[in-house]
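**Q** Mind having a look at this structure? Questions to follow.
The values are calculated or read from the model by the stated rules, or taken from the named source; none is laboratory data. Remember, it's a predicted structure, so these values are computed and weren't measured experimentally. Cβ sites come from the backbone with ideal geometry, for glycine too, and all protein chains shown count toward neighbours.
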Amino acid sequence: MKFNKQTKNILLLCTLYFINFINIAQSQNSELFSDNLNLNAQLSFDFKELYKNTNDSTFIKSTMVFSGNGLEKDSMTVRIRVRGNFRKKICYFKPMRLEIKKKQAENTIFENNRKLKLVVPCQNEKGKDELIYKELLAYKFFEEVSGVYLKTQPLTLKIIEKKGNKEIEHTMFAFLIEDDNKVAKRHDIKKFPKRRVSPLIVTDSSAINFAMFSYMIGNTDWSMAYQHNTEMFFNGKKLIAIPYDFDHSGLVNAYYAKPNPMLKISSVTERVYRGLCKRDPEIFASMRELYISKEENIYSRLNVYKDNFNEKEYNRLTKYIKSFFDILKSESEFKDKILSKCRG
């Protein structure tokens, strides 16, 4: 069969359209928080410009170039601002919040996640990624023990620091955290306003889980009452609490982390149970059994990142987690270090 020139052009256009349609469909079907995405991203900006604008409503613009498994290399304009408190003051690379306009995100993996937190290493030094691997681990551990959690996506991030006429490249391990409104939508619950609340209006199962998880990773840097490092949601009857920001935990053991003097401990690696006593004993017992049943899953999560730690640190992490489960499985230790240490 012979085709004239016009027919050939039409066939070519149809073919290009079909290929483009497939690419769009693949992008729409790719989930930002799916496993094995192998996400890579690049941002470029002037650090001074970003760091001088530190309030919650001031953003700077940057081009983000990204790629991953099943994704063609693409780029878009994103808005960035610095977030957080402690790390914002002391770190060279500061935690950031990314926002993407609807039109920019269309037909990309960011289409349904246009507001994101970006966790990056603190200092520009050798071994800077290790703390971020450990903090990501904490989020992954919480996924094992709770049905309601913040999704995360690891990525290899290149930041191009614009410094006058110079451009300095920094490559690092980082991860994205989904917006809390996405958690609310996924579970048909409502985000609770940031204000002081009574911890007693948090459901017993959520509150006990929060406190036990915090004890497992050695985290004392939180408050339900003041919603410090705590996301609160309303399920129609009571509140659900989700922990975040774990850099001051004993699991991460960041060099800059210091315990609250009021707790009378010398290191963040010392565990303190900070949950309230006024909780249902049966739910407490059930939560204890849940954690014991998840022990191997927790070790499996740790082993995923084994190659990202030196042998000494990997052994410390393993022993640290084991010491938690040893307490749970011992009646006397559980009573002495958890039940008798509850507050109120």
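**Q** Looking only at region 228-239, decide whether some residue is in a helix (DSSP H, G or I) and either at pLDDT 95 or above or farther than 23 Å from Y291 by Cα (or both).
**A** no
**Q** Could you check, for region 279-297, whether at least one of its residues is within 22 Å of the chain's Cα centre (by Cα) and aliphatic (A, V, I, L, M)?
**A** Checking region 279-297: not a single residue is within 22 Å of the chain's Cα centre (by Cα) and aliphatic (A, V, I, L, M).
**Q** While we're here: Among the numbered criteria (1) of a type in the set (S, T, Y); (2) touching a helix residue (DSSP H, G or I) at 6+ places or on another chain (Cβ under 9 Å); (3) crowded, with 18+ Cβ neighbours inside 10 Å, which one does Y139 miss?
**A** For Y139, the failing item is (2).
**Q** Would you mind finding the one in E169, E143 that is acidic (D, E) and over 24 Å from I321 (Cα atoms)?
**A** E169
**Q** Hey, can you tell me all the residues within region 251-303 that are under 28 Å from S198 (Cβ atoms), modelled with pLDDT under 95 and of a type in the set (S, T, N, Q)?
**A** Answer for region 251-303, where residues must be under 28 Å from S198 (Cβ atoms), modelled with pLDDT under 95 and of a type in the set (S, T, N, Q): just N260.
**Q** Among the residues of region 172-190, are any at positive phi and at pLDDT 95 or above?
**A** Yes - at least one qualifying residue is present in region 172-190.
**Q** Pairs, please: C-beta under 7 Å, at least 6 apart or cross-chain, first residue farther than 16 Å from T171 by Cβ and in region 34-55, second modelled with pLDDT under 90 and exposed (fewer than 15 other Cβ atoms within 10 Å of the Cβ)?
**A** Going by the 7 Å Cβ cut-off, the qualifying pairs are T54/K88.
**Q** Name the pairs: first residue in region 69-87 and of a type in the set (S, T, Y), second residue loosely packed, with under 14 Cβ neighbours inside 10 Å, Cβ to Cβ under 8 Å, at least 6 apart or on different chains?
**A** These pairs meet every condition: S75/T63; T77/K61; T77/T63; T77/K101.
**Q** Do we have any residue at all in region 50-67 that's of a type in the set (A, V, I, L, M) and modelled with pLDDT of 95 or more?
**A** yes
**Q** Looking at region 250-266, which of the residues that are of a type in the set (G, A, S) and in contact with a Lys or Arg (Cβ under 9 Å, 6 or more places away or on another chain) is nearest to L328 (Cα to Cα)?
**A** G250
**Q** If you don't mind, another one. Exactly one of (1) buried (at least 18 other Cβ atoms within 10 Å of the Cβ); (2) within 22 Å of Y305 (Cα to Cα); (3) of a type in the set (A, V, I, L, M) is unmet by I109. Its number?
**A** I109 satisfies all of (1) buried (at least 18 other Cβ atoms within 10 Å of the Cβ); (2) within 22 Å of Y305 (Cα to Cα); (3) of a type in the set (A, V, I, L, M) except (2).
**Q** I'm told Q28 meets every condition in (1) under 19 Å from Q104 (Cα atoms); (2) modelled with pLDDT of 50 or more except one. Can you identify the failing condition by its number?
**A** So the condition that Q28 fails would be (2).
**Q** Which of the residues belonging to region 117-135 are modelled with pLDDT of 95 or more and either under 11 Å from F173 (Cβ atoms) or more than 10 Å from the chain's Cα centre (by Cα) (or both)?
**A** Those that are modelled with pLDDT of 95 or more and either under 11 Å from F173 (Cβ atoms) or more than 10 Å from the chain's Cα centre (by Cα) (or both): V119, V120, P121, D129, E130, L131, I132, Y133, K134, E135.
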